[in-house]
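The block underneath contains the structure these notes are about, expressed in structure tokens.
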Amino acid sequence: MQRKKAHIDACIEQANIDRGIIVLLTGNGKGKSSSALGMICRALGYGMQIAVVKFLKGVQDTGEDTFLAQQPNVKTTFMKTGFTWDTQDQEYDTKKALETWQQAEQYLNDESINLVVLDELTYMINYKYLDEQTLLNAFNNRPANQHIVITGRAASTALINCADTVGEIKDIKHAFRANIKAQKGIDL
């Protein structure tokens, strides 16, 4: 344990860069958005200013949306189309994705916002609703100390390369496949 402590202490000593980071949470498992919400709670604990942009689940009532609406330090923007497979209208979904991205860009240009969460953004890239290079440029030109958390399945190589921290959530088992509907407080 002493050797382990010395190693960890040395790593902490070397980590001396202080700047905003990009965290990417991807993979097929449940918990990407939930993990982002955990970071939101952590940031709220420090009195930080937060912007949350949801690109898919905008018409679904969730407990976290109710909670976040009560937080004075949190701004929220929802795409308000629901799941793209429900609308079956690519032109409409693309228009709504672009409108939502315009608000996200404003957050990414606002030095007063410490954390921007872009929930389910990977779908917008994969479905070609948004131009990936435009997104990457915005990420690279944000205020120096602003953090970004991006969630969604099937993250692109470019998005992975842009991120400072990447976590892949693996799907092992899910209640939905056992015909258990989404549960308040867990899934909603």
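Before moving on, here are some points about what is shown:
- Working value for segment 1-144: equivalent-ellipsoid semi-axes of 31, 17, 17 Å, each the square root of 5 times a Cα gyration tensor eigenvalue, largest first.
- Working note: 222 nm ellipticity from helices only, DSSP H runs with n ≥ 4, each -39,500 (n - 2.57), summed and divided by the residues of the chain, gives -12000 deg cm²/dmol to the nearest 500.
- Across the accessible surface of segment 1-68, with the other protein chains kept in place and a 1.4 Å probe, carbon and sulfur atoms take up 55 percent.
- A 1.4 Å probe over all protein chains sorts F67, F139 by accessible area into F67, F139, starting with the largest.
- Taking all Cα pairs closer than 8 Å and separated by 6 or more residues, the relative contact order of the chain comes to 35 percent.
- About its Cα centre, the chain has a charge dipole of approximately 760 debye under the convention of +1 per Lys or Arg Cβ and -1 per Asp or Glu Cβ, with nothing else charged.
- Cα gyration tensor shape of segment 26-75, rounded if a/c is under 1.5, else prolate or oblate by comparing a/b with b/c: oblate
- Rough spin-label spacing in nm, given labels placed 7 Å along Cα→Cβ, for A154 and L188: 2.7 nm
- Within a Gaussian network of the chain (alpha carbon springs, distance under 10 Å), most fluctuating of I169, I150, I17: I17
- Residue of V166, V116, V53 that the Gaussian network model of the chain assigns the largest fluctuation, springs spanning Cα pairs under 10 Å: V166
- Listed cross-link partners K80/K181; K95/K170; K32/K75 are compared with a 30 Å cut-off, the Cα-Cα value being larger for K95/K170.
- Dipole axis of the chain (+1 Lys, Arg; -1 Asp, Glu on Cβ), positive-most option in F139, I186, A163: I186
- Candidates G31, G152, G47, ranked by Gaussian network fluctuation over the chain, Cα under 10 Å, top entry: G47
- Surface exposure of the chain, expressed per residue as accessible area with a 1.4 Å probe, stands at 61 Å².
- Simple rule: put +1 on each Lys or Arg Cβ and -1 on each Asp or Glu Cβ in the chain, find the dipole, and look at I148, G20, I172; the Cα lying farthest toward the positive end is I172.
The values are calculated or read from the model by the stated rules, or taken from the named source; none is laboratory data. Because the structure is a prediction, the values reported are computed rather than measured. Here the Cβ is made from the backbone with ideal geometry for all residues, glycine too, and neighbour counts use every protein chain on show. Keep in mind that these areas ignore ligands, DNA and RNA; they rest on the heavy atoms of the full protein, side chains included. Shrake-Rupley method; radii C 1.70, N 1.55, O 1.52, S 1.80 Å.
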